[in-house]
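The values are calculated or read from the model by the stated rules, or taken from the named source; none is laboratory data. Please read these numbers as outputs of a predicted model, since none were measured by experiment. For neighbour counting, all protein chains shown are included, and Cβ atoms are generated from backbone atoms with ideal geometry for every residue, glycine included. To get the accessible areas, we keep the full protein, side chains included, count just its heavy atoms, and leave off ligands, DNA and RNA. Shrake-Rupley method; radii C 1.70, N 1.55, O 1.52, S 1.80 Å.
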Amino acid sequence: MRLKLFIVLVFGVNLSAWAQDLCVNQIQGQVLDLDTRQPIPYVTVIVKEEPGKGAITDAQGIFEIKGLCEKEFTLVVSHVGYKEASHHHDSYHDHPTILLASDDHLLESVVVEGIYNQTSLQTISIDRLSSEDFTAAQSESLGELAGRITGISTISTGQNVVKPIIHGLHSNRVLIVNNGVRHEFQNWGIEHAPEIDPSLAGSVEVVKGAATVRYGPDALGGVILVNPPKLELGAGFEGTAGVVAKSNGRSGEGDLQLSYGSDNLVVAVSGAMVGQGDLHTPDYVLTNTGKQEYSYASSLRYHKHSFDLEGYYSHFYQSLGILRGSVNGSLEDLANAMESEVPPGTSPFSYDLNNPRQQVTHDLMKLKGGYVWDNQDISFQYAYQLNHRQEYDVRKGTNNEIPSVDLKLATQTFEVDWNHPDLGHVNGNMGLQWFYQDNNNVPGTNTVPFVPNYNVMRAGLFAVERLEAGSTTYELGLRYDFQYNSVRGRAPSNEIYSNELTYSQLTGSAGLKQNLKNHLNFRSNVGLAWRPPNVSELYIFGKHQASIEYGLWRYAYDNEGKISVSEVLSEEDKPVKPEVGIKWINTLEGEQDGNHWELTAYTNVIRNYIYTRPAGITNTVRGAFPYFIYDQGDALFWGLDAAYRLELTQFWKIEAKSSYVWAMNLKERETFTNIPPARVDVGLDYERKPDFLSSSRVALGLSYVFRYFQEPRVITVREILEAEAEGQDLFVENNEMFDFMAAPDGYFLANLSWSAAVGKWEWSARISNLLNKRYRVYTDRLRYFADQTGRNVQLSLRYRI
């Protein structure tokens, strides 16, 4: 009996010691404020499955918990004045960053793991909207929402088609990454807005540097990151439902998001819809500016130990009208329309959508997997996108019922990204990317194809490495891309043309990030970027909504100096080289005692810059229009962004930001059109929690946009007609850059909003253009015909399940 007892005791002691040896897991992380991204000290972090084990964050918001027996566990993070956060974590993933939302915040706390970081470029700062501003602007378009960020402006065709501009560059030079996937659409025209619904997104961030090394061509200006809501394991059932009503356009909107997260599986679904009628200026209705829109998405995440697998599908549909007054029957009508105070064809308010209009659908399917081991991880991602764009013009007879442009764009991408183990003080990642695109015209438009059929195949390899040296991080990136284009089209003579083009380029970036004294941080990055000519820039031909355009290989100058569009050219007739840009961007920021400021200066030199320029007016069977041609030269862009936020008191906060960009065609020593003018924005917030509400915030926003003083000479449609009547061609005598209308005057806008919450209910009221100001925007193509929208009252209500 004694022998048995001795054996049991010895075995028990050894088993206990063996079990203690297994408790060798640990976790380290950092807790930050959701809005300010500043560390929060004295935060309590406990492990739910192992009572008694936890930690308190230090002055830098960092915590560390050792001796954990389980490799997977749930962290519960709490602090006075903040919403509690719960996060399912395992030892295979990177240390988490926990973003706590204050109690009076409308959004919940969130957790970010390093493996899901969208960009590996650490020496280029990423700007984002505050959570309050993002929530208030989610019913806007992606372009309008991104335009709220310092240094970001917009280019548009009327009020429904809005695209972001980063430091003077837009369209094919600004890459949009939606849910980790390059958003591929007919991005070449300012008449095409990205088919993304921000109401279903989790956040929007902007990378302002030349990020070609990480993302490939098309990132000359920067990158817009549209991040989805995080698929949080162990979160249980969550959801939100919201409705929005707007007075301008008499629109109604609704969205629903539901998710369920267990320890290993997360399922999420979401949907949204919008119905809008004609918008109006302070003085008149903008006839045919309504829209109908709906979108839905589903997500799935499976997690087991060191393996992660995500699936995603989304569908977007949009039908929108283009201002009826932008289409005119004769050149005399066109001159009158540009001189008129009220656009021709203005009618009473209506929900009807007539020609000209656009209809577009976009489908995205994604599969992403990741595996983590030994201080490294590897991820793969495959995505398929189908974009179907139809554009309807004002045409005669039965042609009015069929699209004049009908394009289907199918895109496949595959990429592998490896974050390798640290090599001493060096860490980094490398990867490969494959891209294939097929663009086809759908038969039956009864027009010469505006863009030819084409295929694009591209392969790229990249590596980004960082050296940590005390308070300084040095970063170096290299990338090589090869691209092959195959083009097939039909000329006006009905002859078929074809071409094969190949491009290749080595690009790179170098930068540093340094933590200076007195709470200062400095980032500097020099990036060499490139972009091969888009097929549309070479071959675009004919009418497109409110204008006519000709690509670089669809026009030539005859012996008299006049433009001829009778032949299709090639690289032998007119060499067109890829754009190659060098962007140097520097950012200095500081934060102390509730004050935060940031100053960014940049310069961007782009060789072989492709741009559009006004070339004259013309009359066709579908009406009279201004026409534009594509040209190429060397460009210089430089500018400044500045932002300052000050907490005046416990309840009052003021924020100011401004941006300025200067551009010049170095070859012709002339300016460009559609460069955003300087602007200044000031916001005053009062945030206080009454006893009967969970939160309450009143915000006043003031903006002043200056007149664009670099504008080129002005030649109106009337002056062109008068010169032609006298047998004079103004453009043969002088081919300098010009515009059809002078840049609009500067303008002042005011916005007022109130948002509040009680329990699970949230609501807001917002008045845009509070003073009902009449104004026009220089970067709006339809400024030739109409003012911008007048006062708008927006009411929203949301319930968090």
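Among complete DSSP H helices in the chain, those whose alpha-carbon atoms stretch at least 24 Å along the helix's long axis and whose mean Kyte-Doolittle hydropathy reaches -1.0 are 2-22. Please give the residues of region 253-271, grouped as numeric ranges, whose backbone N is less than 11 Å from a label point set 7 Å along the Cα-to-Cβ vector of I801. Counting backbone N atoms under 11 Å from the label point, the list is 256-260, 268-271. Counted by Cβ distance under 12 Å from E733, the other residues give a net charge of -2, where Lys and Arg count +1 and Asp and Glu count -1.
The 3J(HN,Hα) values that the Karplus relation (6.51, -1.76, 1.60; θ = phi - 60°) gives for region 456-470 are, in residue order, 10, 10, 9, 10, x, 10, 9, 8, 10, 10, 10, 10, 8, 10, x Hz. Gly and Pro appear as x. R0 = 41 Å: FRET efficiency of N559 with L461, Cβ-based, nearest 0.05? Working from the Cβ atoms, E equals 0.30.
The alpha-carbon atoms of region 198-333, seen along their principal axes, cover 71, 39, 23 angstrom, with the largest extent given first.
Taking Cα pairs under 8 Å and at least six residues apart, what relative contact order does the chain come out at, in percent? Don't skip to the answer; put the middle values down first.
On the way: 2185 pairs, mean separation 76.0, N = 801.
Answer for the chain is 9 percent.
So what's the net charge close to A642: Lys and Arg +1, Asp and Glu -1, counting the other residues with Cβ under 11 Å from its Cβ?
Values: positive: K657; negative: E589, E598, D641, D681.
Here the count lands on -3.
Once the C-beta distance of Q650 and N586 is scaled by a Förster radius of 41 Å, the resulting FRET efficiency is 0.75 to the nearest 0.05.
In straight-distance terms, cross-link reach from K396 covers every one of the lysines whose alpha-carbon lies under 19 Å from its own, apart from those fewer than eight places away in the same chain; here that gives K543. Under the combined filter of DSSP loop state and at most 14 neighbouring Cβ atoms within 10 Å, region 216-256 retains none of its trypsin sites (Lys or Arg not before Pro).
What the phi angles of region 493-508 give under the Karplus curve with 6.51, -1.76 and 1.60, with θ = phi - 60°, is a coupling list of 6, 6, 7, 8, 10, 8, 7, 10, 10, 10, 9, 8, 7, 9, 10, x Hz, glycine and proline written as x.
List the GluC sites (Glu not before Pro) within region 433-504 that DSSP assigns to loop and that have no more than 13 neighbouring Cβ atoms inside 10 Å. Answer by residue number: E495. Take V442, project a point 7 Å from its Cα along the Cβ direction, then tell me which residues of region 309-336 have their backbone nitrogen under 14 Å from it. The answer is 317-319. Taken per residue, the accessible surface of the chain reaches 42 Å², heavy atoms only and a 1.4 Å probe. Globularity index of the chain is 1.01 (Cα radius of gyration / 2.2 N^0.38 Å, N = number of residues).
Could you work out the helix-only [θ] at 222 nm for the chain, with each DSSP H run of four or more residues adding -39,500 (n - 2.57) and the total divided by the number of residues, to the nearest 500 deg cm²/dmol? Please list the in-between numbers first.
Working: 8 runs with 64 residues, N = 801.
Rounded to the nearest 500, the figure is -2000 deg cm²/dmol.
When the GluC sites (Glu not before Pro) in region 644-735 are filtered for DSSP coil states and for at most 13 other beta-carbon atoms within 10 Å of their beta-carbon, the remaining sites are E726.
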